[in-house]
Every structure is written in structure tokens, then in C-alpha cells.
Amino acid sequence: MLVVANQKGGVGKTTSTVNVAAGLAQLGQRVLVIDLDPQGNASTALGVEHHRGVPSTYDMLVDGRPLAEAVTECADLPGLWVVPATIDLAGAEIELVSVVAREQRLARAINAHPLVGTADEIGDDRFDYVLVDCPPSLGLLTLNALVAGREMFIPIQAEYYALEGLGQLLETVEMVRQHLNPQLVVSTILLTMYDARTRLAAGVAEEVRGHFGDQVLKTAVPRSVRVSEAPSYGQTVMTYDPASAGALSYLEAAREIASKGAPQS
């Protein structure tokens with residue numbers, strides 16, 4: 001299970017979640033995306049309904065509804081399923097404050113799903129990957145994801161302030177490791193909005209690779225109008241313009257992630 005998080009907004013977090021998920025599905029993997037961001041942008045990009053009243057991550061976290069009842073298949077991409085986020089999720093942080101074991105709600109819901117587990121236990125029908133798209137904050141929703149996950153996937157924008165704020169995220173990860181989820185590791189870092197023509201982007205890439213080594217994917221995703229346009233058509237760039245530089249980069253990033261082996265169980 002990959003938790004996609006970065007509390008710094010505008011780094012391509014949701015864009016990376018949906019496009020890597022789509023890339024993995026195109027590579028033959030069975031993928032579940034859980035939208036934990038009240039804005040519901042991942043749900044929009046994957047073309048699933050997420051208006052109020054649709055079974056969603058809110059029902060699962062706050063009301064204890066089984067995850068299986070909120071899963072819907074992505075029409076454009078066979079092998080890709082989504083648990084959408086509705087605007088109700090915006091109030092979940094407050095509603096969960098008084099709940100016992102509030103930071104465990106997502107982990108319990110995911111582990112109770114019949115298609116989550118090892119291949120030996122479940123067989124070929126299991127989800128190979130579960131990706132959780134977190135909100136751009138370090139609140140209770142993100143904490144639920146960090147407690148539930150095995151691996152963290154951090155998109156980093158190739159710009160001057162790239163590493164600013166990352167320290168806070170890594171401190172939170174370390175706290176979660178010590179107290180709630182010792183298995184959590186930062187496994188994957190993806191450089192986004194990369195402009196190969198600038199010395200700045202190359203410098204940021206060098207700094208990030210110096211800090212994180214092999215955790216940084218070799219593929220960097222370039223700035224791309226097509227990537228930005230795709231969600232307004234209810235699509236990922238993988239189906240909107242599969243031959244674009246953005247789509248090819250995300251497919252290559254997905255291939256790199258898949259070559260490491262599925263982290264879900």
C-alpha cells in the first residue's frame with residue numbers, strides 16, 4: 001500500500017496518484033485508489049461520481065461502513081477501482097476527534113476488505129496496489145493513511161522550495177513509525193513539474209537525489225499542459241493523451257514502481 005502525501009500544496013500529489021495508478025492498471029496490475037482529500041480531485045480525474053450521498057471514504061471512516069460498499073470501478077481503465085471522497089469528508093477531522101482508536105479507522109477498513117492481503121491468501125483477484133491520496137495537511141486524515149500504509153510515495157516539485165516542509169513530513173513519519181506503525185517506510189520519491197531546460201531544476205534534482213538516493217525514481221515528470229487539462233475532462237492524462245510527454249513519464253514511473261514489487265500486503 002502506497003500513501004501519497006506531501007503537506008505542501010501544488011506539488012502534483014493528486015496528479016501523481018491518479019496517473020501512477022492508471023499506469024499500473026495499464027501494466028496489468030489491479031489497483032485501488034482511496035481518495036482521502038475532501039476536495040475530491042482524484043475522484044474527478046478518475047471519472048467517478050463523488051457528490052454528496054455517494055458511498056465514500058467519509059462513510060467508511062466516520063460511520064464504519066465496509067470499504068467494499070464504497071468501491072466503484074473506473075469506467076475508462078479496467079483494473080482500476082476508486083473509493084471516492086465527498087465534501088462531507090471536510091468535517092471528518094472534527095467528527096473523529098472523540099472516536100476511540102481514531103487513527104486506526106482506515107487501517108481496519110482496508111484490512112477487512114476481502115481483496116486485500118497476500119497472493120497466497122487471496123489469489124489473483126487481490127488488489128496488487130492500494131494508493132491513498134492524502135489531503136495537503138498533516139491532520140487526522142493523513143495520520144490514518146500513515147498508520148494504514150506500508151510505503152510512502154512523496155511527489156516533490158522541482159523548484160526552489162522543494163525540500164522546505166519536507167522535514168516536517170518526515171518528522172511526522174518518524175513519529176508514526178515509533179508509536180503507531182513501525183513498518184512504514186519512505187520508499188518512493190517522484191520529481192514533478194520538471195523543466196530540463198533550467199539549471200534550477202537540475203540543481204533541485206541533484207539535491208533530492210543526494211538526500212534520498214535510490215528512493216528517488218529515475219523518471220521525472222515534466223511540466224505539461226496535457227497533464228493539467230486531463231482532469232477537466234474527467235480523465236487521467238493516460239487516457240486523455242496517452243502519447244504526451246506527461247503520460248509517457250507517468251507510465252515509466254509506474255513501471256519503475258512495479259519493478260520494485262507490490263507493497264500492498
Check your understanding: Looking only at residues in the range 108-124 that are outside any helix (DSSP H, G or I) and of a type in the set (Val, Ile, Thr), which one is surrounded by the fewest Cβ atoms within 10 Å (Cβ to Cβ)?
Key -> THR118
Exercise for review: Working only within the range 204-224, note down all residues that are in a helix (DSSP H, G or I) and not charged (D, E, K, R).
Suggested key: VAL204, ALA205, VAL208, GLY210, HIS211, PHE212, GLY213, GLN215
**Study point:** Enumeration of residues in the range 127-153 that are part of a strand (DSSP E or B), more than 10 Å from the chain's Cα centre (by Cα) and over 21 Å from PRO114 (Cβ atoms)
**Key:** GLU151
Exercise for review: Give the range 98-125 a look and list any residue that's in contact with a helix residue (DSSP H, G or I) (Cβ under 6 Å, 6 or more places away or on another chain) and among the charged types (D, E, K, R), or say none.
Suggested key: ARG102, GLU103, ARG105
Practice item. Looking at (1) within 19 Å of ALA202 (Cα to Cα); (2) crowded, with 23+ Cβ neighbours inside 10 Å, find the lone condition where GLY149 falls short. Key: (1)
Check your understanding: In the range 181-203, what count of residues is obtained for those that are in a helix (DSSP H, G or I) and modelled with pLDDT of 95 or more?
Key -> 0
Practice item. Determine whether ARG105 is among the basic types (Lys, Arg) and in a helix (DSSP H, G or I). Key: yes
Review point. Can you name the residue in the range 18-48 that is of a type in the set (S, T, N, Q) and in contact (Cβ under 8 Å) with a residue 60 or more places away in the chain and is also nearest to ALA92 (Cα to Cα) among such residues?
Key: GLN39
Point to revise | Residue pairs meeting the criteria (Cβ under 6 Å; at least 6 apart or on separate chains; first buried (at least 21 other Cβ atoms within 10 Å of the Cβ) and part of a loop (DSSP other than H, G, I, E, B), in the range 234-249; second at pLDDT 95 or above and polar (S, T, N, Q)) | key: THR236/ASN19
Check your understanding: Considering the range 30-78 alone, what residues qualify as being out of contact with any His (no Cβ under 7 Å at 6 or more places or on another chain), hydrophobic (A, V, I, L, M, F, W, C) and part of a helix (DSSP H, G or I)?
Key -> ALA42, ALA45, MET60, LEU61, VAL62, ALA70
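The values are calculated or read from the model by the stated rules, or taken from the named source; none is laboratory data. These numbers come from a predicted model, not from an experiment. Glycine also receives a Cβ, built like all others from the backbone with ideal geometry; neighbour counts cover every protein chain displayed.
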